[in-house]
Amino acid sequence: MAVVELHGPGDHAELTGLDALETAGEGGSRGLRIWASLWPKVAALVLALAIWQLIVWSGWKPSYTLPGPDTVLRGSERSSARESRGGRSV
């Protein structure tokens, strides 16, 4: 841990400036703070879906082995709707 020695009147201004750097990110609107914490997660999800879709388009595996994200996501919506009605998924 660094030790700071104060020798003159200019040192106080320097430390005050450093304190201001630490508290600069604490302000701001709630929406900006939410967006700052949310965008990395959204970007990771979009990137994962894009890579998945690119692999599907490459034809590496047949579609019955590796379906695309659209097929899987539409299928999960149907199965959740079916489960809410009390039906069984096969």
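The values are calculated or read from the model by the stated rules, or taken from the named source; none is laboratory data. Predicted, not measured: the structure shown is a model, and the values here were computed from it. Methodologically, a virtual Cβ is constructed for each residue, glycine included, from the backbone with ideal geometry; neighbour enumeration extends over all protein chains shown.
Could you grab me the full set of residues in region 65-82 that are at pLDDT below 90 and either exposed (fewer than 10 other Cβ atoms within 10 Å of the Cβ) or of a type outside the set (S, T, Y) (or both)?
First, the residues of region 65-82 that are at pLDDT below 90: 75-82.
Within region 65-82, G75, E77, R78, A81, R82 qualify.
Regarding L18, is this residue among the aliphatic types (A, V, I, L, M), assigned to a helix (DSSP H, G or I) and at pLDDT 90 or above? Steps first, please.
On the way: among the aliphatic types (A, V, I, L, M): yes; assigned to a helix (DSSP H, G or I): yes; at pLDDT 90 or above: no.
Criteria not met by L18.
Which pairs turn up if I take residues in region 36-55 that are part of a helix (DSSP H, G or I) and look for partners that are surrounded by 10 or more Cβ atoms within 10 Å (Cβ to Cβ) and among the aliphatic types (A, V, I, L, M) with beta carbon separation below 8 Å, at least 6 apart in sequence or on another chain?
I55/L66
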